[in-house]
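Notes follow once the structure below has been shown.
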Amino acid sequence: MKTFLKIFGLLVLSLIIAVVFFFCLRTYQGHKNLELVDNYLKEENLTQKVQSEKTLYSAKKGLYYKEVKFKDDKDLTYVVQPIATYKGIVVQAFDSETKENIKHAKYNKFEKDYKPKD
């Protein structure tokens, strides 16, 4: 019986450590994702043009991203998201009402090798 309790205790402890590690990793990746998005907006001189922004999390994609509305493009909502934790950026425009993708919007961008300039 003592052996069973020791093994069970080790399994429970391992599960707790794995769950804590998962949430720490997710928090770290979220911080890096948002840092990449903020650096992109700053480097492209878009922070002054932002009317509103919302930070969101996509469980399906497993990443944090921002929904941004620009002052000079009020009818469109832009989704600014990283491709990976440390590099790449995608900016897509959507019609605010119909949620339809607008392919030739002013700030649309796909840059696979984008890295922040430090």
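The values are calculated or read from the model by the stated rules, or taken from the named source; none is laboratory data. Quick caveat, the model's predicted, so the values are computed rather than measured. Here the Cβ positions follow ideal geometry from the backbone for every residue, glycine too, while neighbour counts run over all protein chains shown. Ligands, DNA and RNA are stripped out before the accessible areas are found, and what is left, the full protein with its side chains, is counted by its heavy atoms. Shrake-Rupley method; radii C 1.70, N 1.55, O 1.52, S 1.80 Å.
Does region 85-95 contain at least one residue that is among the hydroxyl-bearing types (Ser, Thr, Tyr), over 19 Å from residue 38 (Cβ atoms) and either touching a Leu at 6+ places or on another chain (Cβ under 9 Å) or in contact (Cβ under 8 Å) with a residue 24 or more places away in the chain (or both)? For region 85-95, residues among the hydroxyl-bearing types (Ser, Thr, Tyr), over 19 Å from residue 38 (Cβ atoms) and either touching a Leu at 6+ places or on another chain (Cβ under 9 Å) or in contact (Cβ under 8 Å) with a residue 24 or more places away in the chain (or both): absent.
Just one of the listed residues (4, 22, 8) is out of contact with any Gly (no Cβ under 9 Å at 6 or more places or on another chain), modelled with pLDDT under 90, over 21 Å from residue 114 (Cα atoms) and part of a helix (DSSP H, G or I), namely 4.
Between a residue in region 36-64 that is over 19 Å from residue 86 (Cα atoms) and any residue that is open to solvent by 90 Å² or more (accessible area, probe 1.4 Å), which pairs come within a Cβ distance under 8 Å, given they are 6 or more apart or on different chains? Listed by first residue and then by second, the contacts come to 49/71; 50/71; 51/71; 51/74.
Results for (1) touching an Asp or Glu at 6+ places or on another chain (Cβ under 7 Å); (2) outside any loop (DSSP other than H, G, I, E, B); (3) loosely packed, with under 13 Cβ neighbours inside 10 Å, shown as yes or no for each residue.
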site: 92; (1), (2), (3): no, yes, no
site: 97; (1), (2), (3): no, no, yes
site: 104; (1), (2), (3): no, no, yes
site: 110; (1), (2), (3): no, yes, yes
site: 114; (1), (2), (3): no, no, no
site: 117; (1), (2), (3): yes, no, yes
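Report, by residue number, each residue of region 11-47 that is of a type in the set (Val, Ile, Thr) and within 26 Å of residue 91 (Cβ to Cβ). Passing the criteria: 27, 37, 47.
If you go through region 53-75 and keep only what is of a type outside the set (Lys, Arg), at pLDDT 90 or above and under 15 Å from residue 93 (Cβ atoms), you end up with 53, 65, 67, 68, 70. Against the numbered list (1) over 26 Å from residue 117 (Cα atoms); (2) surrounded by 13 or more Cβ atoms within 10 Å (Cβ to Cβ); (3) among the acidic types (Asp, Glu), residue 75 comes up short only at (2). Do we find that residue 81 is at pLDDT 90 or above, part of a strand (DSSP E or B) and of a type outside the set (Val, Ile, Thr) in this structure? So residue 81 fits the description; yes.
From the list 66, 32, 49, 87, the one residue that fits, being under 25 Å from residue 106 (Cα atoms), surrounded by 11 or more Cβ atoms within 10 Å (Cβ to Cβ) and out of contact with any strand residue (DSSP E or B) (no Cβ under 7 Å at 6 or more places or on another chain), is 87.
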